[in-house]
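What follows is a single structure, written as structure tokens, with notes after it.
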Amino acid sequence: MKILISADMEGATGVTWPADVEPGTEQWQRCRRMFTSDVNAAVAGFFDGGATAVIVNDAHATMRNLPLEELDARAVMLTGRHKELSMVGVPVVLVTGDDRTCTDAAGYGPGVPAVAVKDCVSRYAAVCRPPEVTAAAIRSAAKQGMTLAGRVAPVRADRFRVEVEVDAAQLAQAAAIVPTVRRTGERVVAFESASAFDLVRCFKVVCTMISSAMEQHYG
């Protein structure tokens with residue numbers, strides 16, 4: 001059984017604010033070690049559960065965050081940009097992040113193991129568990145998640161709808177330039193796609209437009 005790990009950094013152990021995940025900062029250098037610990041714990045757990053192959057997709061920012069030399073040797077890593085589906089494209093069998101991420105995951109992945117590596121206090125603060133604690137929890141949950149691998153059917157629908165809420169009005173305005181994307185609120189845009197494949201591709205364009213409209217100090 002082949003497993004894909006989509007590894008984004010905001011939900012990693014110890015991460016609480018932007019400098020923790022901005023490539024090149026001192027805090028990023030520190031936090032990428034804990035990020036790697038989370039990933040390696042998931043790799044180990046999936047192999048514990050019977051995985052035959054694991055590919056890790058480095059999915060954060062420049063997509064060059066995980067040190068290859070520190071990756072579990074049984075896994076391989078997809079690193080760098082650009083990738084057609086960016087971060088995703090498979091049924092979910094494990095979710096890790098903060099407690100609110102785990103609560104949200106219950107809505108789209110009922111029954112899927114979820115590990116809270118930290119508890120949200122505010123936008124830039126969290127009660128964090130040490131890496132040795134989160135690694136053990138992630139490894140155990142990944143092993144449990146293997147019981148779902150190959151048994152979770154992909155979501156199929158005639159139409160897929162995406163709604164994106166941003167934190168500044170000009171970002172929604174920028175996103176609405178994309179064909180098929182409509183502004184549904186001052187800070188909200190939405191679009192529909194005929195397939196999950198098209199959904200992800202359109203979402204990537206929306207995110208690019210939003211990023212291009214962000215101001216350095218005010219969002």
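Below are the figures for this structure:
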quantity	calculated
Condition broken by Arg123, with the remaining ones in (1) buried (at least 18 other Cβ atoms within 10 Å of the Cβ); (2) modelled with pLDDT under 95 satisfied	(1)
Identity of the residue in region 1-24, out of contact with any helix residue (DSSP H, G or I) (no Cβ under 7 Å at 6 or more places or on another chain) and of a type in the set (S, T, N, Q), that ends up surrounded by the fewest Cβ atoms within 10 Å (Cβ to Cβ)	Ser6
Residue match in region 210-219 (condition: modelled with pLDDT of 95 or more, part of a helix (DSSP H, G or I) and either touching a Leu at 6+ places or on another chain (Cβ under 8 Å) or assigned by TED's automatic domain parsing to the domain that holds Arg81 (or both))	yes
Number of the exception - Glu132 against (1) of a type in the set (D, E, K, R); (2) outside the structural domain of Ala41 (by TED's automatic domain parsing); (3) out of contact with any Ser or Thr (no Cβ under 6 Å at 6 or more places or on another chain)	(2)
Tally, over region 62-104, of residues that are loosely packed, with under 15 Cβ neighbours inside 10 Å, within 16 Å of Gly11 (Cβ to Cβ) and of a type outside the set (Val, Ile, Thr)	2
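The values are calculated or read from the model by the stated rules, or taken from the named source; none is laboratory data. A quick note: this is a predicted structure, and the numbers were derived from the prediction, not measured. Note that each Cβ is placed from the backbone with ideal geometry, even for glycine, and that neighbours are counted across all protein chains shown.
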